[in-house]
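Asker: Below you'll find the structure I mean.
The values are calculated or read from the model by the stated rules, or taken from the named source; none is laboratory data. Everything numeric here is computed off the predicted structure, so don't read it as measured data. Neighbour counts are summed over all protein chains in view; Cβ atoms, including those assigned to glycine, are modelled from backbone coordinates with ideal geometry.
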Amino acid sequence: MTSHLADDALARLSRPGAVPAQHQRHLDDCPDCRTRMAVWQGIGDAARADAVEQTVAVPAFDVLMGPALAAAGQQGETPAPETVAPPPRPARRFAPHGFPEPWRLAGLLALRQAALLPRIWAPLSALGIVGAALLATTFTQERLALRVFGGAVVLLMLFGALLVASPRRDPRRELLFTLPVPPAAVFLARLTVVLSVDVLLALACSALVDGPGWRTVVASWLGESLLAASLALALSVRFAPAIGAAAGGTLWLLGLLSGPEGMFTTPFQDLLGALLSTTPWTLVLALGLLGWAAMAMRRAGGAAASD
């Protein structure tokens, strides 16, 4: 019994070209292989015909543009190129209440982050700042009153910054990487909520401190609190919450003992006074540290996405 040719052999033999003699003798003697060979030849012919139909010959430049150039030359004019109008700029999207869409999304994100913060944080901050203001009013010395109130505000804002840092054991940390927005945006929204609440409470309670005036009271804590909070936050995000807490606590303690309106006189008093006072340079340094922390959170989000 003669064995039949395999399908892959018949597929090769169906291509245009001479069939080897041994295969041709087998095809002459085997009707089954001839039938299968005809099927493969039909498939090949159909494929080649379809390829020819899909092939579009590109006309030469002279054939395509020759008549138009000749007509323009006879008229002595050069056809002007067609100008394509730029696409219309997309209309700015506004929310139903008239706010631009990005601002509306930022507000909604901040509200969601405020709801995710521990419930005890806001009452604790309010109680601490109000209590510090009332305690400061009992002191007759303005310097001591400023130091007590300012130290309490700095400590509470430092606590809020460490809360934003979200240690790894915090179950809310995973939301930074699961929401359909960049982790840095979620981080900044949470930071905005915490710092805004603390700063507004401290600004309002500064009016309760008697003596030096509202602006002097605000200047005694604003720069130091923002610098301590941003330092603790940046080191917590970059390295570990313990490192951030230690650095922020050290800065708070130095300011309390030997900073502006400090309790003691030390060789570092002038340096700490310039560093912890409310000046444009202090605010710029605090913003730089916050930007450093946001960049670290962005890299952490990219690493989490790649994993």
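Asker: If only one of Ala234, Ala207, Ala219 is closer than 20 Å to Trp281 by Cβ and touching a helix residue (DSSP H, G or I) at 6+ places or on another chain (Cβ under 6 Å), which one is it?
Answerer: Numbers: Ala207 fails: closer than 20 Å to Trp281 by Cβ; Ala219 fails: touching a helix residue (DSSP H, G or I) at 6+ places or on another chain (Cβ under 6 Å).
Every option except Ala234 fails the conditions.
Asker: How about the range 265-291: which of its residues are farther than 12 Å from Leu188 by Cα, at pLDDT 85 or above, surrounded by 15 or more Cβ atoms within 10 Å (Cβ to Cβ) and hydrophobic (A, V, I, L, M, F, W, C)?
Answerer: Scanning the range 265-291 gives Leu283, Leu285, Ala286, Leu289.
Asker: Take the residues of the range 193-216 that are touching a Phe, Trp or Tyr at 6+ places or on another chain (Cβ under 7 Å) and part of a helix (DSSP H, G or I): which is farthest from Gly160 (Cα to Cα)? Lay out the reasoning, then the answer.
Answerer: Our first condition is that a residue be touching a Phe, Trp or Tyr at 6+ places or on another chain (Cβ under 7 Å); within the range 193-216, this holds for 202, 206-207, 209.
Applying the additional criterion that residues be part of a helix (DSSP H, G or I) yields 202, 206.
On the way: Ala202: 13, Ser206: 19 Å.
Here the answer is Ser206.
Asker: So, one more: Within the range 215-224, does at least one residue satisfy the condition of being modelled with pLDDT under 85 and surrounded by 15 or more Cβ atoms within 10 Å (Cβ to Cβ)?
Answerer: From the range 215-224, those modelled with pLDDT under 85 are none; that's our starting set.
There is no residue in the range 215-224 that is modelled with pLDDT under 85 and surrounded by 15 or more Cβ atoms within 10 Å (Cβ to Cβ).
Asker: Residues Ala115, Ala161, Ala152, Ala133: which one is modelled with pLDDT under 90 and crowded, with 17+ Cβ neighbours inside 10 Å?
Answerer: Values: Ala115 fails: crowded, with 17+ Cβ neighbours inside 10 Å; Ala152 fails: modelled with pLDDT under 90; Ala133 fails: modelled with pLDDT under 90.
The conditions single out Ala161.
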